[in-house]
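Inspection log for the structure reproduced underneath, given as structure tokens.
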Amino acid sequence: MDAIVLYPSPGMGHLISMVELGKLIVNLHPSISIIILATTPSFNTGSTAAYIRHVSATTPSITFHHLPTIKLDPSTYTSIEAVTFDLLHLNNPFVCEALQSISTSSTIAAIIMDLFCTPALSVAADLKIPAYYFFTSGAGLLALFLYIPTIDKTTTKSFNEVSTLLHVPSLPPIPSFDMIMPMLDRTSSEYASFVHFASQLPKAAGVIVNTFENLEHKQVKAINEGECLPDVPTPPVFCVGPLIAADGQGGSGGRHECLSWLDSQPGESVVFLCFGSLGVFSAKQLKEIAVGLERSEQRVLLVRELKLALPMTVADDGFVSAAEVEKRVRELMESEGGRLVRDRVTVASEEAKLAMKEGGSSHRALVKLVESLKLR
């Protein structure tokens, strides 16, 4: 029997979206076996136990192989990224053992790994298993990551030391101090890890992206035409998203009460704030957000890119005031500019549904991906 091994990063958003990818592959090719290499960190990365139980009970073609727990103390690391990267590096011997074990009863057609699981790329190469990357974010961030090695060669200074604009194909100019936080300090281990991960992307048999073409047409086009990898060929890119767990099947395992509250609100009347499963704020900043939202007098459910949100003015220390939160929420919900943003969100939502239907762009990309795996 052919098998595909999926190796997600332990973060909740990383694991769930990759498992949803596995479900789509099984739907297209029911005879395939999907095996998830699940990392069990000794630190919190979001609750996924209920979701894993649900998938195991309802999708017999998908099984979870739990890698041994490696105990690491996050307090001894500079960031959650640093401890996660160390964990995934230390996982390599267990990943190798798992792949060798699976190979005794199945033919592994490919391993699809999270970008953060890059250390396993060498394991796959040694075992002669085709390796694909799964990129949980959109094409815009993929364009940046593909271009990071090029940026790295052009400067010796840290991004937080200079005030300059970074020019990445297909993206608007990025202020250097707006680079993702783990990369701001060039001397950090996190910076070195991200540059290394990015440099390995061209070595993959393909890159699977959790987006759809109409949402990021400009970025997808630039990537496919090689603009983001000026020195080496760009691997095939498959935009198969959006990959979302079905209602009531996310990390908590049940339908959250906030969804019932949402159902009871008038249409297009709620502001949605999303900070990610590991979003962290100081008590002072959280209070300012809460006060600003309260003053806005809008319905709020506690995202900025793709022109689907409005920017916040941030102080030099990264602090956003309650007045700024109130101003932007009111602008989003009451101004003409805000109405245009809301209209774009509505259009994007409908386009996402069409992309996932048979014949849609994401469905066609998924078919091409499965064809590239050369399954029997």
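The values are calculated or read from the model by the stated rules, or taken from the named source; none is laboratory data. As the structure is a computational prediction, the values presented were derived from the model and not from experiment. All Cβ positions, even for glycine, are placed from backbone atoms using ideal geometry, and neighbour counts span all protein chains on display.
Out of 88, 99, report the one residue that is in contact with a Cys (Cβ under 9 Å, 6 or more places away or on another chain), at negative phi and among the hydrophobic types (A, V, I, L, M, F, W, C).
88
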Count of segment 150-165 residues which are surrounded by fewer than 20 Cβ atoms within 10 Å (Cβ to Cβ) and under 24 Å from residue 223 (Cα atoms): 8
Pick from segment 166-187, criterion among the β-branched types (Val, Ile, Thr) and more than 21 Å from residue 230 (Cα to Cα), ranking: surrounded by the fewest Cβ atoms within 10 Å (Cβ to Cβ): 187
Residues satisfying the stated conditions in segment 219-250, i.e. surrounded by fewer than 16 Cβ atoms within 10 Å (Cβ to Cβ), over 27 Å from residue 12 (Cβ atoms) and of a type in the set (A, V, I, L, M): 232
Options 190, 216: the member that is in the same structural domain as residue 12 (by TED's automatic domain parsing), over 12 Å from residue 143 (Cα atoms), crowded, with 18+ Cβ neighbours inside 10 Å and acidic (Asp, Glu): 190
